[in-house]
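Data block below; observations after.
What follows draws every value from the coordinates through simple rules; no lab data is involved. Fair warning: this is a prediction, and the values are worked out from it, not measured in the lab. All Cβ positions, glycine included, derive from the backbone under ideal geometry; neighbour counts span all protein chains shown.
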Amino acid sequence: MSAPAPPLLERLARVVGPGRLLTADSDLAPFLTDHREIYHGRAFAVAQPDTAGQVAELLAVCNAHRIGVVPQGGNTGYCGGATPDDSGAQLVISLARLNRIRAVDALNDSLIGEAGCLLADVQRAAQAAQRFFPLSLGSEGSCQIGGNLSTNAGGVHVLRYGMMRDLVLGLEVALADGRLLSSLTRLRKDNTGYDIKSLFLGAEGTLGIITAASLKLFARIRATATAFAAVRDPGAAVELLARLREASGERVSSFELIPRIAVELTTRHIPGVRDPLDAAHAWYVLCELTSARAADPCDAMLTECLEPALEEGLVEDAVVVRNERERSALWKLRETIPEAQRRDGASLKHDISVPVAAIPAFIERAGQWVRDHVPEGRLVSYGHVGDGNLHFNINQASTTDRTAFLARGETVKRAIHDLVREFDGSISAEHGIGRLKVAELERYAPPVELELMRAVKHAFDPNGILNPGKVLREQR
Ligand code: FAD
Ligand code: 2HG
Ligand code: ZN
């Protein structure tokens, strides 16, 4: 496949209107690299539609001419899913201009937003209607809900509200052949056959391009209690989570594990981040209880749980925040860990999950493997431990050569992912497959599951034009 002939380019340009089919190298550049700069692709053009109808029409033309199409949202994904290949024969479709909130229905607790809405804008629209949209990620100021839906994003509120998949009522999707599937239902109950929308969630643009979504809203948060606690070890963190849940019902909304090295990296690289405690400790948790009832004693529930844990040595020290400024300082520490890692040098990243109770044993086994086999790296293992999800990352030590360190990636990944399998875990907990983990999916997914995935792909996209080579190897 090569770049299309001028008449076809003109046809695509007519679909999106004047100035909305970018072809100059300087205009294309920002769309051709992922944010970690691991992948560098080429494209013959970037289309910037501003209606769902235009997206569908672009797909109809591309399908008729067998042109590969790469949907791109905020380009904050971790797996190279939004970057075109290096053929120069693919069209990037940026969803950024489809950014309208179409409706907010506070009584029905639902909101309809277009795919290119920033996640932060959806949160704000919910708040303006005295409601709450719970998906929350460090990238929320730049990722789009279309990307969140397509990666089935997780983040820091999953243990209370679920992943993006759990927050969806209906979708509008442009299909490979140019039809628009309009299923923006606001219903909570609808058992009419197969749940087709669920197939697009986490499909990373390989089955259709999401143009809008009907999302669930929740009660506004009126009471919050947040603590940063040094814990004896990861086992103590898991025990503390169980106690907090027991003591507070379903009020635990975040429970993040943070190792000492992450405090060192963020305080070193991110201006304004300070160590919240006086002395250094090996492990910490950042936990938050929230309630929709202003009178709910979240603070008391938190301290009543922390105090005996301190006496028993499960918790070594803790600070409970007194105001919003202190709270955002703690969250800044947590959310800037990826950026601090980046500023510190190269890193090998593994977005894994295991059953929550197995987290301590996994950290022990996998950590020992890293200490034995990667002496040139430093383990930075943190994340959404309340969901059993660890970002089991390894940063290069300052004395290590970047290229030599990255060259270890395949061996390290194999060992970590084999161990994940031993623990009945997942090699992609929340970031997806994209280009990065196509071979990993082939290696670890049950063969029957892979066969069904290929059959679904063929049914939705028989000509293989939708994000070719992402999630599944291209079938040609
Ligand atoms: P993109 O990166 O543009 O695209 C991601 C994939 O979705 C690609 O395959 C693309 O082709 C496809 N796609 C995009 N839009 C559409 C559409 N409308 N229709 C069909 N396919 C589409 N992720 C988490 O899960 N949890 C976290 O806590 C988290 N924290 C992060 C923190 C930082 C600082 C950063 C940089 C990233 C973080 N991420 C996290 C990863 C990332 O933000 C999410 O994966 C996010 O959902 C991607 O959204 P996006 O709009 O940037 O999508
Ligand atoms: C987070 O939880 C993100 O901060 C990014 O999912 C994780 O950079 C990473 O490994
Ligand atoms: Zn994460």
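Using only alpha carbons, the range 375-423 has a radius of gyration to Kirkwood radius ratio (Rg to Rh) of 1.03. One Cα centroid belongs to the range 1-38, the other to the range 383-437; the line between them spans 33 Å.
Computed over the alpha carbons of the range 428-476, Rg followed by Dmax gives 10.6, 29 Å. Here the relative contact order of the chain, from alpha carbon pairs under 8 Å that lie six or more residues apart, stands at 15 percent. Reported value for the range 47-101: 77 Å³ per residue, from the convex hull of its C-alpha atoms. Geometric descriptor of the range 40-160, per residue, is 111 Å³ (volume of the convex hull of the Cα atoms). Across the range 122-133, coupling constants 3J(HN,Hα) worked out from phi with the 6.51/-1.76/1.60 Karplus curve, θ = phi - 60°, read 5, 4, 5, 5, 5, 4, 4, 9, 6, 10, 9, 10 Hz, and Gly and Pro carry x.
Considering only 47, 199, 99, the residue lying farthest towards the positive end of the dipole of the chain is 47, judged by Cα position with unit charges set on Cβ. When Rg and Dmax are taken over the Cα atoms of the chain, they come to 22.8, 75 Å. The distance separating the Cα centre of the range 190-209 from that of the range 230-305 comes to 35 Å. Summing Cβ point charges (Lys, Arg +1; Asp, Glu -1) relative to the Cα centre of the range 109-169 gives a dipole of roughly 120 debye. May I ask for log10 I(q)/I(0) of the range 290-382 at q = 0.12, 0.15, 0.23 Å⁻¹, from a Debye sum over the Cα atoms as equal point scatterers with solvent left out? Normalising to I(0) and taking log10 leaves -0.65, -0.95, -1.22. Taken about its Cα centre, the range 1-87 carries a charge dipole of roughly 220 debye when the Cβ of each Lys and Arg holds +1 and the Cβ of each Asp and Glu holds -1. Express in % the proportion of alpha carbon pairs of the range 136-193 at distances exceeding 16 Å. Beyond 16 Å sits 55 percent of the P(r) for the range 136-193.
The angle between the Cα long axis of helix 298-312 and the main principal axis of the chain comes to about 50°, on a 0 to 90 degree scale.
Stokes-Einstein, applied to the Kirkwood radius of the range 210-305 over Cα pairs at a viscosity of 1.002 mPa s and 20 °C, places its translational diffusion at 142 µm² s⁻¹.
Distance check, please: which entries in 216/457; 189/437; 189/349; 189/470; 349/470 exceed 30 angstrom between their Cα atoms?
Violating the 30 Å limit, Cα to Cα: 189/437; 189/349; 189/470.
Per the Debye calculation on the range 327-429 with a single equal scatterer at every Cα and no solvent contribution, log₁₀ I(q)/I(0) for q = 0.18, 0.22, 0.24 Å⁻¹ amounts to -0.86, -1.18, -1.31. An ellipsoid equivalent to the range 369-458, defined through the eigenvalues of its Cα gyration tensor, has semi-axes of 28, 16, 12 Å when rounded to whole angstrom and sorted largest first. Our note on the geometry: Cα centres of the range 321-380 and the range 105-120, 32 Å apart. According to the Kirkwood relation over distinct C-alpha pairs, the hydrodynamic radius of the range 5-93 is 13.1 Å. Its alpha carbons considered, the range 79-238 gives a radius of gyration followed by a Dmax of 17.3, 56 Å. Contact order for the range 236-347, expressed relative to its length and based on alpha carbon pairs under 8 Å spaced 6+ residues apart, stands at 35 percent.
Dipole check for the chain: with +1 at the C-beta of Lys and Arg, -1 at the C-beta of Asp and Glu, and the Cα centre as origin, the magnitude is about 1180 Debye. Output the direction-averaged projected area (hull surface divided by four) of the convex hull of the alpha-carbon atoms of the range 170-214, in nm². Quarter of the Cα hull surface area: 3.2 nm².
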